[in-house]
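Enquirer: First the structure, which I've put down as structure tokens, then a few questions once you've had a look.
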Amino acid sequence: YDERVELAVSLIKDHSELNMSVAEIAAKVSLSIPRLIQLFKQVTGTPIRRFRLWQRIFVTAEKLSTGLSLTDAAMEAGFSDYAHFSRTYRELSGGNPSDARKDGPLPASIQNSYCYNSASLSKILRF
């Protein structure tokens, strides 16, 4: 456990639409970029860059449940465009982006991901 990692997770979760860079997050938690990358992985078991992508996928899925289109949900979650969302979704989940609409607010492929099932990360995320 590290308070700086918890703060980094909170920044990512609470401001996903801003798509804060790792450099911005590192500055806000008073760590160098390499140290944040190292410490985040050590504490959570997940690389910070991957976590940032998963969080945006998660937010997209949540926004879908409010009735937004897939494109609008992805844009509001911080993706630059639908193509970026689609590429990221396929890479991380192995599924089709339209599955996000069919599978409900949080697709099974994301629920079952190692990123959200990591015991240490689950404590920080408080799922």
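The values are calculated or read from the model by the stated rules, or taken from the named source; none is laboratory data. Only a predicted model underlies this, so the values are computations on that prediction, with no experimental measurement involved. Note: accessible area is taken over every heavy atom of the protein model, side chains too, but ligands, DNA and RNA are not part of it. Shrake-Rupley method; radii C 1.70, N 1.55, O 1.52, S 1.80 Å.
Enquirer: So what does E6 come to for accessible area, using a 1.4 Å probe and Å² rounded to 10?
Expert: We get 40 Å² for E6.
Enquirer: Is the C-alpha gyration tensor of the stretch 1-101 telling us rounded, prolate or oblate? Criteria: a/c under 1.5 is rounded; beyond that, a/b larger than b/c is prolate, otherwise oblate. Please report the intermediate quantities before stating the final value.
Expert: Values: a/c = 2.38, a/b = 1.97, b/c = 1.21.
Prolate shape, in that a/c is at least 1.5 and a/b is the bigger ratio.
Enquirer: For N96, which sequence-distant residues (separation of 5 or more, or a different chain) have an amide H within less than 5 Å of its own amide H, given hydrogens modelled in the peptide plane?
Expert: none
Enquirer: Measuring with a 1.4 Å probe in the full set of protein chains, what accessible area per residue, in whole Å², belongs to the stretch 1-62?
Expert: Numbers: 2970 Å² over 62 residues.
About 48 Å² of surface per residue is accessible.
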